[in-house]
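Engineer: I have a structure I would like to understand better, so I am pasting it below and will then ask my questions one at a time.
The values are calculated or read from the model by the stated rules, or taken from the named source; none is laboratory data. Everything numeric in this text was worked out from a predicted model, so none of it was measured. We place every Cβ from the backbone using ideal geometry, glycine too, and count neighbours over all the protein chains shown. We work out accessible area using only protein heavy atoms, side chains counted, and drop any ligands, DNA or RNA first. Shrake-Rupley method; radii C 1.70, N 1.55, O 1.52, S 1.80 Å.
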Protein chains: 2
Amino acid sequence: MTTEAGQRRGRPAGSPPNREAILAAAREQFAERGYDNATIRGIAARAGVDPALVHHYYGTKADLFAAALRMPINPREVLAGVLPGDVATLGERLVRRFLDIWSVESGAIGETILGMLRSATTHEDAARMVREFVSREALGRIAEVLDMPQPHLRAALAGSQLIGLALARFVVRVEPIATADVETLVACYAPTLQRYLAGPLPGDQPSKGS
Amino acid sequence: MTTEAGQRRGRPAGSPPNREAILAAAREQFAERGYDNATIRGIAARAGVDPALVHHYYGTKADLFAAALRMPINPREVLAGVLPGDVATLGERLVRRFLDIWSVESGAIGETILGMLRSATTHEDAARMVREFVSREALGRIAEVLDMPQPHLRAALAGSQLIGLALARFVVRVEPIATADVETLVACYAPTLQRYLAGPLPGDQPSKGS
């Protein structure tokens, strides 16, 4: 755990250490300072590289923000472990995994998600990025596995409950949700997700009246 | 509507105009600048009063923040118009009213709620205030009318879905929730709220096993 090679352990081949350092620095700065106040210059300084290298690898601050968001949560990877399987229990799997992620890595991930929401509430550019990111990397992947009408509506409904749960439990920390055990929350929320993902919804069939 | 007395119309007896002006100024500053950057001095200047008067009426900035939050939404008043009636349709009434509030007065209320969330994600003091405010003025009132076990859990579950809906529709603006018509959203979300408020939940009966 504390070997001299520890810092580089787990780095995939072909991923230059500078890129990793820049993303780590970006995550720290965005989490600490929000989208507004983080700067390419500051991120570069923290990563120990030239600002031009940050631009070269990641383009604008907006590009870097999106790249940094993608890393700690890695929704593609997380969802790849949750989506395959019986759709009849997908709601439960999603709630459980979502709570796991926030609980286990609440530091890095929690801060990043909060930085993301903070940015989305202050800047249309950031809001658009969050929206595109969430739609593409999270909701889009859920929608893909749903063999139901209106898969994007279904995924968005599920996402709206998950983010509300996260806000209630981890941000505002409303009781009794803040301290409820995971099994209680899974039992409360899984049926909601399940209905959104696989139950009947308005608009599934074209209405005769309109 | 535009009589000379218009400015004072509706002001309750015993509520000095300075107090109203201070709250209005506080709402504007908190919405514009967030909790951090709004100052008693700035609010007082905007209201055209001495900072000492603001302290006298509302105490600390934290007290003023809570007072200002209570005004534009006035959850007590809103809920008083929604909670009475058949519990079997309470979920639908809450979703509909919640969407109405955000749509009709999305400027003032939206900005204030966003300022509140922004503050909650950056300051434990603000998070506590938001938590206390939401728990007392919104969730607590819903819990009061539920003739069911675990009323506070039920109200919190409902609140978690409503705030998630608000974030998806008005903040991140995820499609298709952002542009869905109200009736579609009511039909999607009302059954969720209804189950949270009046359906069976885990923990309703003490478990035999634990």
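Engineer: Give me the accessible area buried between chains B and A, both sides summed, with a 1.4 Å probe, in Å² rounded to the nearest 100.
Structural biologist: 3200
Engineer: Hey, what do the phi angles of segment A:135-141 turn into as Karplus ³J(HN,Hα) couplings, whole Hz, using 6.51/-1.76/1.60 and θ = phi - 60°, x for Gly and Pro?
Structural biologist: Whole-Hz 3J(HN,Hα) from phi for segment A:135-141: 5, 7, 8, 10, 5, x, 6.
Engineer: Then there's this: Where the label is 7 Å out from Cα toward Cβ, how close does B:Met148 come to the same position in every other copy, in nm, shortest first?
Structural biologist: Distances between equivalent label points, in nm: 2.1.
Engineer: Please find, among residues of chain A, the one with the beta carbon closest to the rotation axis relating it to chain B, distance in whole Å.
Structural biologist: A:Gly164, 1
Engineer: What is the mean number of Cβ atoms from other protein chains located within 10 Å of the Cβ atom of each residue in peptide A:187-195, rounded to a whole number?
Structural biologist: That average works out to 4.
Engineer: Just counting partner chain Cβ atoms within 10 Å, what average do the residues of peptide B:143-153 show around their Cβ?
Structural biologist: Working: counts 0, 0, 0, 0, 0, 0, 0, 3, 0, 4, 7.
If you average over the peptide's residues, the count of other-chain Cβ atoms is 1.
Engineer: Compute the distance in nm between two label points, each set 7 Å from the Cα along the Cα-to-Cβ direction, one at A:Ala187 and one at A:Thr60.
Structural biologist: Using points 7 Å along Cα→Cβ, the separation is 5.0 nm.
Engineer: Per-residue counts of other Cβ atoms within 10 Å, averaged by peptide: what ranking do you get for B:50-60, B:169-179, highest first?
Structural biologist: The packing order, highest mean first, is B:169-179, B:50-60.
Engineer: What does the structure give for A:173-182 when I average, per residue, the other chain Cβ atoms found within 10 Å of the residue Cβ? Kindly include the intermediate steps, with their values, before the conclusion.
Structural biologist: Values: counts 6, 14, 6, 8, 7, 2, 0, 5, 2, 0.
Counting Cβ atoms of other protein chains within 10 Å of each residue's Cβ and averaging gives 5.
Engineer: Calculated FRET efficiency, B:Met148 and B:Ala178, Cβ-Cβ r, R0 25 Å, to nearest 0.05?
Structural biologist: So the FRET efficiency works out to roughly 0.15.
Engineer: Let me ask something else. At B:Gly203, label 7 Å along Cα→Cβ: distances to the other copies, nm, ascending?
Structural biologist: So the distances to the same position in the other copies read 3.3 nm.
Engineer: Would you compute, for the Cα atoms of segment A:138-205, the largest minus smallest coordinate along each principal axis and list the three values in descending order, in whole Å?
Structural biologist: 39, 20, 19
Engineer: How many nanometers, to one decimal and shortest first, lie between the label point of A:Pro84 and those of its other copies, if labels sit 7 Å from Cα toward Cβ?
Structural biologist: Here A:Pro84 shows inter-copy label distances of 5.8 nm.
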